[in-house]
1. Kindly express, to the nearest 10 degrees and within the range 0 to 90, the angle between helix 5-23's C-alpha long axis and the longest C-alpha principal axis of the chain.
2. I need the calculated FRET efficiency for the pair residue 93 and residue 38, taking r as the beta carbon distance and R₀ as 30 Å, to the nearest 0.05.
3. Which order, highest average first, do 109-120, 84-95 follow once you tally other Cβ atoms within 10 Å for each residue and take the mean per peptide?
4. As I understand it, the value is the acute angle between the Cα axis of helix 95-120 and the longest principal axis of the Cα atoms of the chain; what does it come to in degrees, rounded to 10?
5. Could you run the Karplus curve 6.51 cos²θ - 1.76 cosθ + 1.60 with θ = phi - 60° over region 48-64 and give me ³J(HN,Hα) per residue in whole Hz, x for Gly and Pro?
6. Run the accessible area of the chain with a 1.4 Å probe and give the carbon-and-sulfur part as a rounded percent.
7. Could you give the radius of gyration (one decimal) and Dmax (whole number) of the Cα atoms in the chain, in Å?
8. What spacing in nm lies between the two simple spin-label points modelled at residue 100 and residue 81, each 7 Å away from Cα in the Cβ direction?
Amino acid sequence: MNFPISRLLLAIFFIVAGVLHFVFPAQYASTMPPWLPWHDELVAISGVCEIAGGIGVLFTSTRKAAGLGLILLCIAVLPANVQMLLDAQTSGKATWILALLWLRLPLQLLLITWIWRVTRRHKIPYQ
């Protein structure tokens with residue numbers, strides 16, 4: 001199989017991220033907003049979705065559905081990203097950590113754009 005590099009990198013990114021949900025589940029569960037139920041289950045579900053989405057972008061027949069799923073997942077995890085920032089602010093984390101967590105929020109938009117571009121086009125220029 002011949003994969004454009006961007007698609008392959010996206011797949012690796014999400015597969016690794018998904019696996020990490022099972023390697024460090026407590027770390028992910030600790031970032032969940034308190035108003036969400038079933039933290040452990042949601043961590044596992046999001047990990048499976050990331051792995052499935054990462055694999056799905058590799059195949060033409062599943063690419064668009066996987067892309068849509070990954071975009072929705074990026075939106076769904078936004079509350080956890082915000083919660084991480086709020087927790088860091090409350091606990092007095094270092095300024096550089098807070099800066100990285102603030103930067104992470106708009107980076108979600110770039111990630112969504114990357115997913116969209118990789119999964120909506122058959123050929124990506126400059127690959």
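1. 40 degrees
2. Details: r = 27 Å, r/R0 = 0.89.
It comes to 0.65.
3. Working: 109-120: 15.8, 84-95: 12.3.
Packing order, densest peptide first, comes out as 109-120, 84-95.
4. Between helix and principal axis, roughly 20 degrees.
5. Once θ is set to phi - 60°, the couplings for region 48-64 become 4, 5, 5, 5, 4, x, x, 5, x, 5, 7, 10, 4, 5, 10, 4, 5 Hz.
6. Details: 5810 of 7940 Å².
Ligands and nucleic acids excluded, carbon and sulfur give 73 percent.
7. 15.6, 49
8. Spacing of the two 7 Å Cα→Cβ label points: 1.6 nm.
The values are calculated or read from the model by the stated rules, or taken from the named source; none is laboratory data. All values reported here derive from a predicted model rather than from experimental measurement. Methodologically, a virtual Cβ is constructed for each residue, glycine included, from the backbone with ideal geometry; neighbour enumeration extends over all protein chains shown. Note: accessible area is taken over every heavy atom of the protein model, side chains too, but ligands, DNA and RNA are not part of it. Shrake-Rupley method; radii C 1.70, N 1.55, O 1.52, S 1.80 Å.
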